[in-house]
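Here the structure is laid out as structure tokens; the discussion comes afterwards.
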């Protein structure tokens with residue numbers, strides 16, 4: 001399946017059926033979860049090496065970690081599609097073709113040789129590729145950069161080995177960004193992403209506890225997204241119609257009113273009136289205000305929510 005995405009990029013989801021006009025690209029290889037500054041550095045390096053060729057990436061869905069370890073908690077920084085997804089972030093970096101390979105049992109069995117020859121060379125027709133020094137591929141990660149260099153040279157494919165892009169001598173990485181979010185530092189994660197981290201989802205019907213407290217909330221399941229530190233955040237919200245609102249959100253299990261097992265995102269939009277049920281919204285985290293905690297009752301919770309909302313509005317004056 002091949003379909004256009006946006007104005008400047010085409011998404012290809014069947015590597016066995018690539019149209020002729022998409023052949024001959026220079027492609028960066030990787031998972032690109034988060035599309036952070038390190039990924040931007042890789043893409044820029046590949047384009048610099050072959051500025052005459054169309055820009056592309058080769059990536060995988062599901063993420064190999066999701067495929068091999070389905071029992072792990074969700075960990076994604078970005079989902080593949082949507083206005084805040086991986087595809088949109090790659091398009092913003094000038095990518096013209098996204099080769100999104102379905103990572104399934106058959107693909108996982110391909111040897112390193114088959115991945116280079118059958119996929120990169122024969123199917124995608126790549127003329128130049130780039131990857132990080134630790135890129136591994138093929139069945140049981142049997143191929144590395146040295147193998148890739150040897151095979152691409154024999155096939156007439158150029159290769160750019162890209163050193164890590166660092167901030168204060170520490171490489172940017174999806175793993176590092178996940179850790180920052182789990183530790184409660186969305187503002188630090190934003191510096192490494194090049195933008196605030198956001199979650200996108202459909203607003204679901206909740207128990208309306210927030211409405212009873214005078215702070216109606218839009219409830220979103222975290223789904224495949226990483227669960228950041230549980231607590232109250234200053235946030236901004238983008239609606240599907242393009243409108244943007246400041247807000248305050250809680251991520252967690254709501255111990256005072258619910259004490260459930262499923263963590264979710266509940267966000268209150270300042271100065272908004274209307275019904276968001278069923279709509280997809282995007283929530284960007286800007287600052288963790290406090291950890292999630294249990295209160296003695298609804299009145300104590302309401303008093304704290306008022307304080308949280310005031311603090312969020314003050315913080316958001318400086319970031320929005």
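FYI, it's all coordinate maths here, none of it is from the lab. Just so it is clear, the model here is predicted, and its values are computed rather than measured. Here Cβ is always computed from backbone atoms with ideal geometry, including for glycine, and neighbour counts include all displayed protein chains.
General remarks:
- Of all DSSP beta bridges in segment 1-79, antiparallel share, percent nearest 5: 50
- Residue 169-residue 292 FRET efficiency (beta carbon distance; Förster radius 30 Å; 0.05 resolution): 0.35
- Relative contact order, percent, segment 54-163 [alpha-carbon distance under 8 Å, six or more residues apart]: 25
- Relative contact order %, the chain, counting alpha carbon pairs below 8 Å whose residues are six or more apart: 16
- Point-to-point label distance, residue 154-residue 108, nm (Cα→Cβ direction, 7 Å offset): 2.8
- Between residue 243 and residue 224, the modelled labels are 3.0 nm apart [label points 7 Å from Cα along Cα→Cβ].
- Fraction of antiparallel bridges per DSSP, segment 2-171 only, in percent to nearest 5: 25
- Gain in span if fully extended, residue 161 to residue 122, counting 0.36 nm per residue against the direct Cα distance: 11.9 nm
- Burial ranking of peptide ranges 290-303, 83-96 (average Cβ count within 10 Å, highest at the top): 83-96, 290-303
- On Cα atoms only, tilt of 37-49 relative to the major axis of the chain in degrees: 30
- Distance between the pseudo-spin-label points of residue 139 and residue 279 (7 Å out from Cα toward the beta carbon): 5.1 nm.
- For the chain, the ratio of Cα radius of gyration to the globular rule of thumb 2.2 N^0.38 Å stands at 1.10.
- Within the chain, percent of DSSP bridges classed antiparallel, to nearest 5: 65
- For segment 129-246, relative contact order (Cα pairs under 8 Å, six or more residues apart, normalised by length) works out to 16 percent.
- FRET efficiency for residue 310 and residue 183, using Cβ-Cβ distance with R0 set to 22 Å, rounded to 0.05: 0.30
- Packing rank of 98-105, 43-50, where each peptide gets the mean count of other beta carbons within 10 Å, highest leading: 43-50, 98-105
- Computed across segment 2-171, the Kirkwood radius stands at 16.1 Å (inverse of mean 1/r, all Cα pairs).
- Tilt relative to the chain, helix 145-155 - C-alpha long axis, 0 to 90 degrees, to 10: 50
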